[in-house]
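**Student:** Questions regarding the structure given below will be posed in turn.
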Amino acid sequence: MGAAKVYIETYGCQMNEYDSEIVRRVLTGNGYDFTDTPEDADIIFLNTCAVRANAQRKVLQRIDLFKKLKGRKQGLLIGVLGCVAQNLKTELFNSGIGVDVVAGPDSYRTLPELLRRVQETKETRCATTLSVEETYSDLFPAQQSGKVNAWVAVMRGCDNFCSFCVVPYTRGRERCRAPDNIIEEITALAAKGYKQVTLLGQNVNSYKYEGFTFAQLISAVSRIEGIRRIRFTSPHPKDFPDDLLEVVADNDKVCKHIHLPLQSGNTRILQMMNRTYSKEEYLALAHRMRERIGNLALTTDIIVGFPTETREEYEDTLDVMRQVEFDAAFMFKYSERAGTAAAQKYPDDISAAEKTDRITRLVDLQRSISLERNQRHLNETYDVLVEGTARKPDQLRGRNDENKIVVFPDNGAQAGDFVNVRIEEVTPNTLIGVAVQPVT
Ligand code: SF4
């Protein structure tokens, strides 16, 4: 009999994508194979996201679908990993939806043992102890997709406890990896041909290791031969020190794009969210960034319809959007998450219709701002890192330094190549151009 085959499906943020590769590394090291088709698998894992109610619902529907495969394949095991696993724990067994294994984000090393015991005893197993130390620093991910960008988690967990967020409960306290260990991982990625690296952390600018700061870490990464672009996500506005701004401004390898989650433009709502900055402090930081880095792209996350948010307070969010002119924004309706401070303290009292109205206006405003921001790129030429083929036939797709999607006619470049593209047309989401220089 050959090795058992594992199929893994990943939801949510890049940290989950990274973690799926850690799981792959743990299991391949223990004699498991992987497959891309659930029908071919002996074990199906869903690496889940609990940040929004929708994401959690989708995962539960997906498990229900996989349960049908159990009837056709004896011994098939279904496992839930990630934030839903950590959040719901053994509740996932009670619901009778066919889950055999539950493992939270700090328990992936135990997976071979959990699987062995489930197979031996035919009983369900759950491992959801949160660790204050686990960073999986010895387990460099088994593979990264596409050989264009490599995600590298430099820290895990979060200590911020924003009142709407489950992450501190599902991923535990902040822990940082040693800089030497991160440099070793990125040096190995560069040797495999990766040219861009994105440093990941729930609160990435809080990175600190025995006095070594995030700005120093970025500078060290920039000295690795072969790495041409460095990105990072997501910083918290409360911890954006000047030395980090300087390194983004002055280091050519650091992309001129900062994702700076706003969440709300109203100070009272920000306080209720426990974001620890005011509207004015956020605006001052954004302006300082734009002043220091001329060609900076700023993007953000926004929640509308947080409990008790009045129409006037929502207008403050629109006001910040107009003042900062974000290049792009991820915009969400507030979704109550069980166990968070907001769920315990504040009733979800903004109607669904009102939330829809607020987000529709927000999206419309952002689309017009994004279009205006993109028009500044017309007739400019950018180094574009090619990611692959675009949806349109005979077109390639990549990103410029500012993380904007650039589409241009196929000139034979491959994923991972840099191409100089002159921009001739723009939409709110895309820059459209032509290659003006051969592949480098
Ligand atoms: S900073 Fe706030 S929103 Fe981000 S992961 Fe931490 S608690 Fe959640």
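**Student:** Within segment 251-287, which residues are more than 16 Å from the ligand (Cβ to nearest atom), more than 14 Å from F326 (Cα to Cα) and not hydrophobic (A, V, I, L, M, F, W, C)?
**Tutor:** N251, D252, K253, N266, T267, R268, S278, K279, E280
**Student:** From the list R24, R57, pick out the single residue that is within 20 Å of L92 (Cβ to Cβ) and of a type in the set (K, R).
**Tutor:** R57
**Student:** While we're looking at this one, here's another question. Suppose the filter is within 12 Å of the ligand (Cβ to nearest atom), crowded, with 18+ Cβ neighbours inside 10 Å and among the hydroxyl-bearing types (S, T, Y); does S163 pass it?
**Tutor:** yes
Matching residues to (1) open to solvent by less than 70 Å² (accessible area, probe 1.4 Å); (2) within 27 Å of E325 (Cα to Cα):
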| site | (1), (2) |
| --- | --- |
| L378 | yes, yes |
| P393 | no, no |
| D410 | no, no |
| A413 | yes, no |
| N420 | yes, yes |
| I423 | yes, yes |
| G433 | yes, yes |
| V436 | yes, no |
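**Student:** Within segment 293-311, identify whether any single residue is in contact (Cβ under 8 Å) with a residue 40 or more places away in the chain, of a type in the set (D, E, K, R), outside the structural domain of C83 (by TED's automatic domain parsing) and out of contact with any helix residue (DSSP H, G or I) (no Cβ under 7 Å at 6 or more places or on another chain), and answer yes or no.
**Tutor:** There is at least one residue in segment 293-311 that is in contact (Cβ under 8 Å) with a residue 40 or more places away in the chain, of a type in the set (D, E, K, R), outside the structural domain of C83 (by TED's automatic domain parsing) and out of contact with any helix residue (DSSP H, G or I) (no Cβ under 7 Å at 6 or more places or on another chain).
**Student:** Report yes if some residue within segment 179-186 is outside the structural domain of T28 (by TED's automatic domain parsing), charged (D, E, K, R) and within 11 Å of the ligand (Cβ to nearest atom); otherwise report no.
**Tutor:** Taking every residue of segment 179-186 in turn, none turns out to be outside the structural domain of T28 (by TED's automatic domain parsing), charged (D, E, K, R) and within 11 Å of the ligand (Cβ to nearest atom).
**Student:** Within segment 176-190, track down each residue that is under 14 Å from S206 (Cα atoms) and open to solvent by less than 10 Å² (accessible area, probe 1.4 Å).
**Tutor:** Selection gives R177 alone.
**Student:** Does L298 satisfy the criteria of being surrounded by 19 or more Cβ atoms within 10 Å (Cβ to Cβ), more than 16 Å from the ligand (Cβ to nearest atom) and modelled with pLDDT of 95 or more?
**Tutor:** Here the answer is yes, as L298 does meet what is asked.
**Student:** Could you grab me the full set of residues in segment 207-218 that are of a type outside the set (S, T, Y), within 16 Å of the ligand (Cβ to nearest atom) and surrounded by 18 or more Cβ atoms within 10 Å (Cβ to Cβ)?
**Tutor:** Within segment 207-218, F214 is the sole residue that qualifies.
**Student:** From the set of residues in segment 25-40 that are closer than 15 Å to E113 by Cα and part of a helix (DSSP H, G or I), which is nearest to the chain's Cα centre (by Cα)?
**Tutor:** My answer is R25.
**Student:** Okay, moving on. Give, as residue ranges, the strands (runs of 3 or more DSSP E) completely inside segment 377-426 that count at least 2 residues that are over 26 Å from the mean Cα position of the chain (by Cα), over 27 Å from A191 (Cα atoms) and not acidic (D, E).
**Tutor:** Once the strands (runs of 3 or more DSSP E) in segment 377-426 are filtered for at least 2 residues that are over 26 Å from the mean Cα position of the chain (by Cα), over 27 Å from A191 (Cα atoms) and not acidic (D, E), what remains is 405-409, 418-426.
**Student:** Here is a further query. Given (1) within 16 Å of the ligand (Cβ to nearest atom); (2) within 18 Å of F232 (Cα to Cα); (3) open to solvent by less than 40 Å² (accessible area, probe 1.4 Å), identify the lone condition not met by T170.
**Tutor:** (2)
**Student:** What residue, of V221, V204, is open to solvent by less than 10 Å² (accessible area, probe 1.4 Å), away from the ligand (no atom under 16 Å from the Cβ) and at negative phi?
**Tutor:** Checking each option against the conditions leaves just V221.
**Student:** Based on this model, can you work out whether T129 counts as open to solvent by 10 Å² or more (accessible area, probe 1.4 Å) and closer than 30 Å to Y277 by Cα?
**Tutor:** No; evaluated as a whole, the condition is false for this residue.
**Student:** Taking the options P105, P38, name whichever one is on the phi < 0 side of the Ramachandran plot and open to solvent by less than 10 Å² (accessible area, probe 1.4 Å).
**Tutor:** P105
**Student:** Could you check segment 340-364 and list, in sequence order, the residues that are small (G, A, S) and either open to solvent by 50 Å² or more (accessible area, probe 1.4 Å) or under 22 Å from the mean Cα position of the chain (by Cα) (or both)?
**Tutor:** Listed by number, the residues that qualify are S351, A352, A353.
**Student:** When K238 is evaluated against the numbered criteria (1) assigned to a helix (DSSP H, G or I); (2) within 16 Å of the ligand (Cβ to nearest atom); (3) modelled with pLDDT of 95 or more, which criterion, by number, is the only one it fails?
**Tutor:** The one condition K238 does not meet is (3).
The values are calculated or read from the model by the stated rules, or taken from the named source; none is laboratory data. Quick caveat, the model's predicted, so the values are computed rather than measured. Cβ coordinates were reconstructed from backbone atoms using ideal geometry, including for glycine residues, and neighbour counts include every protein chain displayed. Accessible surface is based on the protein model in full, side chains and every heavy atom, while ligands, DNA and RNA are left aside. Shrake-Rupley method; radii C 1.70, N 1.55, O 1.52, S 1.80 Å.
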